[in-house]
Amino acid sequence: AFSQVIGLTDDDGAPLVFEDFHVQTINLMRQNEDPALALLPFQFGKTVLSSEIVPLFDWCEWNNCTEGRIFQSDSHVGKLTGRLMQHVEHNDNIHRVFPWVAKPVKGDICFGIWSSEGFGIRGRTIRDKSFEALTIGAARFGLRFHRVGVDDVVISTEAESVAIQEKHYEYLTSGVFTTQQRTVRKSRYGTVFPGLYQIGTLFSVNDVNYRM
């Protein structure tokens, strides 16, 4: 229903339809008090759910929610943050129903916070980024988010490298997993803040069993 209300479409311009497993994955990302892990097959839409649908859901419920995402590379940061920015800036269906989920204009407290590295939405009452994207291993400290998502940060060629896995594990546990806001909030719809999840890809080729 949410997808229909705000007029989401796929890459071919057709209405975006969620299957049952998409809904279950979204609920896993948004309704768990404990850290969550979702593994889905290749090209099953998990990145769209994490980097587009979940932030929009959260902002429609809470204007001051802050979202942090960890991606595998700078190219992912630019592409995926750009797609989310397009929704916020140009989706008139969102603006009609949730007018605070829009690009800030002059006079708004978050005016000027608008780039592929992070941006604020119009409805924020605190001057800060609503969304910020980092790459795995980025040396950034002092960040706090209401929802943190780690998106498929290991590519298939790295999946069997113990050294790379240990390096990423150290970075996640000592850095990313400490960035959750301390504010605890639960909406009437069951949405839990703060939240932390990681998504990864299941493989069945080239003897690679999984990556995260």
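The values are calculated or read from the model by the stated rules, or taken from the named source; none is laboratory data. For clarity, every value in this text was computed on a predicted model and none was experimentally measured. Ideal geometry is used to build each Cβ from the backbone, glycine not excepted, and the neighbour counts take in all protein chains shown. The accessibility values were calculated without ligands, DNA or RNA, using every heavy atom of the protein model including side chains. Shrake-Rupley method; radii C 1.70, N 1.55, O 1.52, S 1.80 Å.
Residue count for segment 188-212 under the criterion of being at pLDDT 80 or above, surrounded by fewer than 21 Cβ atoms within 10 Å (Cβ to Cβ) and of a type in the set (Gly, Ala, Ser): the result is 2.
Just one of (1) closer than 15 Å to residue 131 by Cβ; (2) surrounded by fewer than 21 Cβ atoms within 10 Å (Cβ to Cβ) fails for residue 50. It is (2).
Given the condition charged (D, E, K, R) and surrounded by fewer than 19 Cβ atoms within 10 Å (Cβ to Cβ), answer yes or no: does some residue in segment 15-26 qualify? Yes, segment 15-26 contains at least one residue that is charged (D, E, K, R) and surrounded by fewer than 19 Cβ atoms within 10 Å (Cβ to Cβ). Picking from residues in segment 46-104 that are in contact (Cβ under 8 Å) with a residue 40 or more places away in the chain and among the small types (Gly, Ala, Ser), the one that is nearest to residue 144 (Cα to Cα) is 68. Within segment 4-30, residues that are assigned to a helix (DSSP H, G or I) sit with their Cβ atoms under 8 Å from residues that are open to solvent by 40 Å² or more (accessible area, probe 1.4 Å), at 6+ positions apart or across chains, in these pairs: 4/15; 5/93; 5/97; 21/44; 26/18; 26/57; 30/57.
If the condition is being open to solvent by 10 Å² or more (accessible area, probe 1.4 Å) and not basic (Lys, Arg), then segment 111-132 contributes 111, 112, 113, 114, 115, 116, 117, 123, 125, 126, 128, 132.
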